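Worksheet for the structure shown next.
The values are calculated or read from the model by the stated rules, or taken from the named source; none is laboratory data. Worth saying up front: this structure is predicted, and the values here are computed from it rather than measured. FYI the Cβ positions are ideal-geometry reconstructions off the backbone, even for glycines, and counts take in every protein chain you see.
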Amino acid sequence: MIVFHSITSIPGISLTFSQYHSSPKTIQLSLRLYSVMGTKVKPYSADGSKKEQVQQMFDNIAHRYDFLNRFLSMGIDKGWRKKAIKILSAHKPKRILDIATGTGDFAIAALELNPDEVIGVDISEGMLEIGRKKLVAKGITNVRLESGDSEDLQYEDASFDAVVVAFGVRNFENLDKGLSEINRVLKPGGIAVILELSQPKGLFGAIFNLYNKTLLPLWGRLFSGDNAAYTYLPESVKAFPEEEEFNNIMRKVGYQDVSDTRLSLGICSIYQGIK
């Protein structure tokens, strides 16, 4: 048996070589290919900008987004955010940027770290509008929610102690560029923490995939009114590089001490890296 475990890069493509048996005459290679420009899965159409389609999708579902998050995850998404907050707490960040903030859940949760300021940025005005109403209702004044492009951030170099992305990086049109922008706005020694959905393995993975293909799109259509959004979600997760593949992309664009932790039997992963 010959075992391969290495990553080779060619322009625009990453190839992962994994294990496998070989006879003297035959070597079998298992390859996983993904574009380093980001996954090509789009919500509505193969044509057109992924960024524009993602913006449209979140504007469409904004009115039901928070409810569906709690309902479809059975509330465990709150626990995932708490674990990310615990990682951040060791770094005592005073200025935090929450990218793909949506309706501001993570930005609001980050206040328990006692920062001076939290800024949330998102391309969907529909989501931000709901988030701003939350801030007013809770009387929160040290969180700002701003419209912006995660791949072309409006902030100065080295201006944040920590940057967080919760369930947003798989929506980036250009993954390398988005991760590089996060690195740019981080102060030296600052931390990037990325929460992202991932694919469970084994029997639980098979059950979870069945759920994603059947009940998730059905409930998503029923409650959000958008036929594509909750079909796009599992497809985008499946297409997204995870574990060491994603770690290597982070390293490539300049992060150090990169690591990942899988949560809830592999449904979610937390990635972290230091500038």
**Report entry** Complete set of residues in the range 248-272 that are assigned to a helix (DSSP H, G or I), more than 28 Å from Tyr44 (Cα to Cα) and either touching a Pro at 6+ places or on another chain (Cβ under 9 Å) or at pLDDT below 95 (or both)
**Finding:** Asn248, Ser264, Leu265
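Mind listing just one residue for me: the one in the range 240-270 that is β-branched (Val, Ile, Thr), over 19 Å from Gly75 (Cβ atoms) and out of contact with any Asp or Glu (no Cβ under 9 Å at 6 or more places or on another chain) and, of those, surrounded by the most Cβ atoms within 10 Å (Cβ to Cβ)? Walk me through it before giving the result.
So in the range 240-270, the residues β-branched (Val, Ile, Thr) come out as 249, 253, 258, 261, 267, 270.
Imposing the further condition that a residue be over 19 Å from Gly75 (Cβ atoms) reduces the set to 249, 253, 258, 261.
Among the residues that remain, those that are also out of contact with any Asp or Glu (no Cβ under 9 Å at 6 or more places or on another chain) are: 258, 261.
Values: Val258: 18, Thr261: 12.
Among those that are β-branched (Val, Ile, Thr), over 19 Å from Gly75 (Cβ atoms) and out of contact with any Asp or Glu (no Cβ under 9 Å at 6 or more places or on another chain), it is Val258.
Within the range 97-121, can you find the residues that are over 19 Å from Ile191 (Cβ atoms) and crowded, with 24+ Cβ neighbours inside 10 Å? Steps first, answer last, please.
So the first thing to find is which residues in the range 97-121 are over 19 Å from Ile191 (Cβ atoms), and the list is 102-105, 108.
Scanning the range 97-121 gives Gly102, Thr103, Gly104.
From the list Ala100, Ala166, Ala162, exactly one residue is farther than 21 Å from Ser49 by Cα, within 15 Å of the chain's Cα centre (by Cα) and touching a residue at least 40 places away in the same chain (Cβ under 8 Å). Which is it? Show your work before the answer.
Numbers: Ala100 fails: farther than 21 Å from Ser49 by Cα; Ala162 fails: within 15 Å of the chain's Cα centre (by Cα).
It is Ala166.
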Query raised in the report: Could you say whether any residue in the range 121-134 is free of Cβ contacts under 8 Å to residues at least 12 places away in the same chain and either more than 22 Å from Glu196 (Cα to Cα) or basic (Lys, Arg) (or both)?
Result: yes
Report summary line: Of the candidates Ser147, Ser124, Ser73, the one satisfying the condition of being closer than 21 Å to Glu52 by Cβ, out of contact with any Cys (no Cβ under 6 Å at 6 or more places or on another chain), surrounded by fewer than 18 Cβ atoms within 10 Å (Cβ to Cβ) and hydroxyl-bearing (Ser, Thr, Tyr) is Ser147
Query raised in the report: Any residue at all in the range 218-227 that is outside any helix (DSSP H, G or I) and touching a residue at least 12 places away in the same chain (Cβ under 8 Å)?
Result: yes
